[in-house]
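A short write-up of the structure that comes next.
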Amino acid sequence: MSERLLPGLKNRILQFLARNLPGATTMRVRLNRWRGVNIGKDVWIGYDTIIETSCPHLVTIRDRAAIGMRVTIIAHNREQRGVIIEEDVSLGAGVIVLPNVTIGRGAIVTAGSVVTKSVPPKTMMQGNPARPIATVEIPFGLNVSVKEFAKGLKPIRPAEPELDT
């Protein structure tokens, strides 16, 4: 019994520390790597973020991704498995990512959104469930100003309803 209990206990202790300790680019990243999360370079993980409680190895976070505070990433539910967060992705505060989802390179998910399906690259998503609202020309990185980023956003217009004639 202790053979199964000890790894689970270690995982939960590391998860607790990763959620609560400072160090969005250092300590939180390191602790989640020790848990088994596949994390690239220059990743930022916000305070109180939950990354897959029992199967952390099912989550991949690629280079330069920014995971906002209080984000929840759930990577398994019955037969659905895995979450991939590609390079230069930005997840706003309180985002929930459900299993079997890939968030494409340079995509942005706005605060409080729930991601139920994969997100195309360079797309801004919003809502519950998250829907595309804009295309992203310039990924929102640490060395990109808000003004420069905003200039590269192109709104996605919803389809006009057809009129009966």
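The values are calculated or read from the model by the stated rules, or taken from the named source; none is laboratory data. Note that the structure is a prediction, hence the values are computed from the model and not measured. We place every Cβ from the backbone using ideal geometry, glycine too, and count neighbours over all the protein chains shown.
Check whether at least one residue in the stretch 144-157 is in contact with a helix residue (DSSP H, G or I) (Cβ under 7 Å, 6 or more places away or on another chain), over 26 Å from Leu14 (Cα atoms) and at pLDDT below 95, and report yes or no. No: the stretch 144-157 contains no residue that is in contact with a helix residue (DSSP H, G or I) (Cβ under 7 Å, 6 or more places away or on another chain), over 26 Å from Leu14 (Cα atoms) and at pLDDT below 95. Checked against the criterion of being at pLDDT 95 or above, within 26 Å of Ala18 (Cα to Cα), part of a strand (DSSP E or B) and of a type in the set (Val, Ile, Thr), the stretch 115-127 contains one or more residues that satisfy it.
Considering the conditions (1) surrounded by fewer than 18 Cβ atoms within 10 Å (Cβ to Cβ); (2) in a loop (DSSP other than H, G, I, E, B); (3) not β-branched (Val, Ile, Thr), Arg12 is excluded by exactly one of them, (2). Taking the conditions (1) over 17 Å from Val43 (Cα atoms); (2) touching a strand residue (DSSP E or B) at 6+ places or on another chain (Cβ under 6 Å); (3) of a type in the set (Val, Ile, Thr) in turn, Ile138 satisfies each one other than (2). Scanning the stretch 18-68 for residues that are farther than 19 Å from Val109 by Cα and of a type in the set (S, T, N, Q) gives Asn20, Thr25, Thr26, Asn32, Asn38, Thr53, Ser54.
In the stretch 18-114, counting only strands (runs of 3 or more DSSP E) that sit wholly within it, none holds 2 or more residues that are surrounded by fewer than 17 Cβ atoms within 10 Å (Cβ to Cβ). Are any residues in the stretch 115-133 buried (at least 19 other Cβ atoms within 10 Å of the Cβ) and over 21 Å from Asn38 (Cβ atoms), and if so, which ones? Lys122, Thr123, Met124, Met125, Ala130, listed by residue number. Scanning the stretch 112-151 for residues that are among the aliphatic types (A, V, I, L, M) and under 25 Å from Cys55 (Cα atoms) turns up Val114, Val115, Val119, Ala130.
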